[in-house]
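Trainee: The structure is given below, and queries will be raised subsequently.
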Amino acid sequence: MATYKMTIAGLERELPICKVNDKLDIAGFVIFGDVEITVASAAELLKKCPEFDFIVAPEAKAIPLAHEMARQSGKPYFICRKGAKLYMQSPVSVNVRSITTDKEQTLFMDSLEGEQLRGKKVLILDDVISTGESLLAVRKLVEEFDGNIVAQAAILAEGDAAQRDDIIFLEELPLFIHD
């Protein structure tokens, strides 16, 4: 399998090249199980992010990063879930489509969690920002509860996302486009 070598938070990794469709491949960055990259990336992102009260991230690959940044900063985090859960009272939802999903998904936030964001400084977090659709969905959920979004951050910005000036990220991840 072809790979793409890069350095993230001072650590070298080889990412597998994954076919999205006949015209596009991406380098697959999977944070699950990579404790070293999670801890190092969390520390580096915390250095770049403004002060915040809460972290909010989409399920699922951002969960280890959100947890580690919460652990290092001492601030709580909430996860926008891909499905409504039984424990949720009056969940709020928005639709999302990302580059790694083949269909539209819905993200949910428990109103009990969301109410804690009201008027608070919120850091939106993801592992990789590409199209920005997941980010937008999380933004909409935070805005439903009048959270004050102070920054949007990710370990990697993929493709055109690396040109955005409204996100904080550690490294650029290229897209591999075929004619």
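Trainee: Taking a probe of 1.4 Å, how large is the accessible area per residue of the chain, in Å²?
Mentor: 50
Trainee: Mind checking segment 19-69 for trypsin sites (Lys or Arg not before Pro) that DSSP puts in a loop (not H, G, I, E or B) and that have at most 12 other Cβ atoms within 10 Å? Walk me through the numbers on the way to the answer.
Mentor: On the way: sites: Lys19, Lys23, Lys47, Lys48, Lys61; in loops: Lys23, Lys61.
Taking segment 19-69 and a limit of 12 other Cβ atoms within 10 Å, the loop trypsin sites (Lys or Arg not before Pro) found are Lys23.
Trainee: Shape of segment 1-91 from its Cα gyration tensor (a ≥ b ≥ c, root eigenvalues): rounded if a/c is under 1.5, otherwise prolate when a/b > b/c, or oblate?
Mentor: Cα axes put segment 1-91 in the oblate bin.
Trainee: Could you pull the accessible area for Thr106 with a 1.4 Å probe, rounded to 10 Å²?
Mentor: Its heavy atoms expose roughly 40 Å² to the probe.
Trainee: While we're looking at this one, here's another question. Expressed as an acute angle from 0 to 90° and rounded to the nearest 10, what is the orientation of the C-alpha long axis of helix 63-73 relative to the principal long axis of the chain?
Mentor: Rounded to the nearest ten degrees, it is 60.
Trainee: Leaving out ligands, DNA and RNA but keeping every protein chain, what accessible area does Ser134 have, in Å² rounded to the nearest 10, with a 1.4 Å probe?
Mentor: Looks like 30 Å² after rounding.
Trainee: Out of the DSSP beta bridges found with both residues in segment 89-177, what percent are antiparallel (nearest 5)?
Mentor: The answer is about 30 percent antiparallel.
Trainee: Also: Could the peptides 112-122, 7-17, 49-59 be put in order, highest first, of the mean number of other beta-carbon atoms found within 10 Å of their residues?
Mentor: Peptide ranking by packing, descending: 49-59, 112-122, 7-17.
Trainee: Under 14 Å between C-alpha atoms is the cut-off here; go through the chain and count lysine pairs that meet it, provided they're at least eight residues apart or on different chains.
Mentor: Here the count comes out as 4.
Trainee: Considering the values [x] 45, 34, 30; [y] 55, 42, 27; [z] 52, 43, 21, which represents Cα extents along the principal axes in Å as calculated for the structure under consideration?
Mentor: So the calculated entry is the one marked [x].
Trainee: Would you work out if segment 116-179 is rounded, prolate or oblate? Take a ≥ b ≥ c from the square roots of the eigenvalues of the alpha-carbon gyration tensor; rounded if a/c is under 1.5, else prolate when a/b is larger than b/c, oblate otherwise.
Mentor: prolate
Trainee: Sticking with this one: How much net charge surrounds Gly10 when only the other residues with a Cβ under 13 Å from the Cβ of Gly10 are counted, with Lys and Arg +1 and Asp and Glu -1?
Mentor: Numbers: positive: Arg13, Lys47; negative: Glu12, Glu36, Glu44, Glu171.
Surrounding charge for Gly10 is -2.
Trainee: In addition: Taking Cα atoms, how many degrees apart are the long axis of helix 133-144 and the longest axis of the chain, rounded to 10 and kept between 0 and 90?
Mentor: 10
The values are calculated or read from the model by the stated rules, or taken from the named source; none is laboratory data. From a predicted model like this one, the values you see are computed outputs, not experimental measurements. Glycine also receives a Cβ, built like all others from the backbone with ideal geometry; neighbour counts cover every protein chain displayed. Ligands, DNA and RNA are stripped out before the accessible areas are found, and what is left, the full protein with its side chains, is counted by its heavy atoms. Shrake-Rupley method; radii C 1.70, N 1.55, O 1.52, S 1.80 Å.
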